[in-house]
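Q: There's a structure below that I have some questions on.
The values are calculated or read from the model by the stated rules, or taken from the named source; none is laboratory data. The structure displayed is predicted, hence computed values, not measured ones. Glycine also receives a Cβ, built like all others from the backbone with ideal geometry; neighbour counts cover every protein chain displayed. Protein only, heavy atoms only, side chains kept; ligands, DNA and RNA dropped before computing areas. Shrake-Rupley method; radii C 1.70, N 1.55, O 1.52, S 1.80 Å.
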Amino acid sequence: MTPFRPSLRGRAQELGVIRRKLSQVRAGTGGVIVVEGSAGLGKTRLLDECVSMAGELSFLVGRGATETGRVIELGALFDALFEGDPPLADRRALNDVHASSEFLFWLLQDVQSLIEEAALKNPVLICLDDLHWAQTSLSLAMRQLPARLSSLPVAWVMAFRPDQGLAQMQQAKAELIESGAELIRLGPLDRAAVAEVATDVLGVAADAELLQKADRVQGNPFLLVEFFRGLQDDLLVSFDSGRATLVEDRLPHRVSDSMRGRLARMSPACARGRDVRVGARAQVYRS
């Protein structure tokens, strides 16, 4: 079964920024976009649209994401270079002598050469997601590679959660912004976008009461989809005369389960802090 993938709603301004930057890079100058947003606000979904847009503009695209506990510190960058379809570069072209963080200076030189070679054929987009989990080596790559490749058509899109991660990563992000990177800060969706999400998920427009209840997940796109899908799963919504109407006023199990699942994937310190907010949010919904 194909996973449910709703349309991207409420991000027209952000998509306009991305399109302008990609057009500038396609004309021959490098550029960086930094995307910041808390969990569930749609960073990865925005990167999906960025990749599609770049494909339409004839970019070569590489994409990677940092994962907690990953052994290879440059793993997200290596995925972007070597794991695409087609890949930006041949993994065998990386000098095995340098393919270790012990030789980081030379390794970044090799990576730079591979990206240069690709950019001489077509403009290049490199998307790196979840960089708040990245290690020190990747922070150095962030500092050096965009600057070294700025005279070539290479676009970088880097996504973070705000105020999370190693100090070196936060500093690297700050330096990119100070050097002229476009900064996109994702906020909650407005009421119009929430209504569009409701229609996408439910298949019909939601009535005013239902949209008011949806306000309680605070415009978080991920939780909104879980909320509306949960209403269907728990039979809490009826469909009459082309409108979705609330039958019973309670938080769908799908929402609380999703919150708990996300907490389980966080570090213990982050989870403790957010666990309080999950309980509070559920209590607000019941009030």
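Q: Specify, per residue and in Å³, the volume enclosed by the convex hull of the alpha carbon atoms belonging to region 125-172.
A: Details: hull volume 3.0 nm³, N = 48.
Dividing the Cα hull volume of region 125-172 by its residues yields 63 Å³.
Q: Counting Lys +1, Arg +1, Asp -1, Glu -1, what net charge surrounds Leu246 among other residues with beta carbon under 9 Å of its beta carbon? It would help to have the intermediate numbers written out before the result.
A: Working: positive: Lys213; negative: Asp207, Glu209, Glu248, Asp249.
Charge balance near Leu246 sits at -3.
Q: With axes computed from alpha carbons, what is the tilt in degrees of helix 253-264 against the longest principal axis of the chain, rounded to the nearest 10 within 0 to 90?
A: For 253-264 against the chain, the angle is about 30 degrees.
Q: Also, I was wondering about something else. Run the dipole for the chain about the Cα centre, Lys and Arg Cβ at +1, Asp and Glu Cβ at -1, nothing else charged, and hand back the magnitude in debye, nearest 20. Present the calculation step by step, with values, prior to reporting the outcome.
A: On the way: 34 positive and 36 negative charges, 106 e Å.
Roughly 500 debye, rounded to the nearest 20.
Q: Roll a 1.4 angstrom probe over the protein heavy atoms and tell me the percent of accessible area of the chain that is carbon or sulfur.
A: On the way: 7020 of 14140 Å².
So the carbon and sulfur contribution to the accessible surface is 50 percent.
Q: Still on this model: Residues with amide H under 5 Å of Val35's amide H, sequence separation 5 or more or different chain, H placed in the peptide plane at 1.01 Å from N; which?
A: Close amide H contacts, sequence-distant or interchain: Met158, Ala159, Phe160, Ile184.
Q: Which whole-Hz ³J(HN,Hα) couplings does region 21-37 yield from phi under the Karplus relation 6.51 cos²θ - 1.76 cosθ + 1.60, θ = phi - 60°, glycine and proline marked x?
A: Taking θ as phi minus 60°, the curve returns 5, 5, 5, 5, 5, 4, 6, x, 10, x, x, 10, 10, 9, 10, 10, x Hz for region 21-37.
Q: Could you bin all the Cα-Cα distances of region 1-58 into 5 Å bins starting at 0 and give me the percent of pairs in each, rounded to whole numbers?
A: For region 1-58, the binned pair fractions read 4, 15, 28, 24, 15, 9, 4, 1, 0 percent.
Q: Related question: Let me know the Kirkwood hydrodynamic radius for the chain, please, with Cα pairs as the basis and the value in Å to one decimal.
A: Values: mean 1/r = 0.0487 Å⁻¹.
When all Cα pairs of the chain are included, the Kirkwood radius is 20.5 Å.
Q: Just the number please: accessible area per residue for the chain, 1.4 Å probe, all protein chains included, in Å². Spell out each step's value before the answer.
A: On the way: 14140 Å² over 287 residues.
On a per-residue basis, 49 Å².
Q: In addition: Please give the direction-averaged projected area of the C-alpha convex hull for region 138-232, in square nanometres with one decimal.
A: Details: hull surface 33.8 nm².
Orientation-averaged projected area of the Cα hull: 8.5 nm².
Q: Then there's this: How large is the direction-averaged shadow of the alpha-carbon convex hull of region 16-166, in nm²?
A: Taking a quarter of the hull surface, the average projection is 8.4 nm².
Q: Moving to a separate point now. Could you work out the helix-only [θ] at 222 nm for the chain, with each DSSP H run of four or more residues adding -39,500 (n - 2.57) and the total divided by the number of residues, to the nearest 500 deg cm²/dmol?
A: After summing the helix terms and dividing by the residues of the chain, the value is -15500 deg cm²/dmol.
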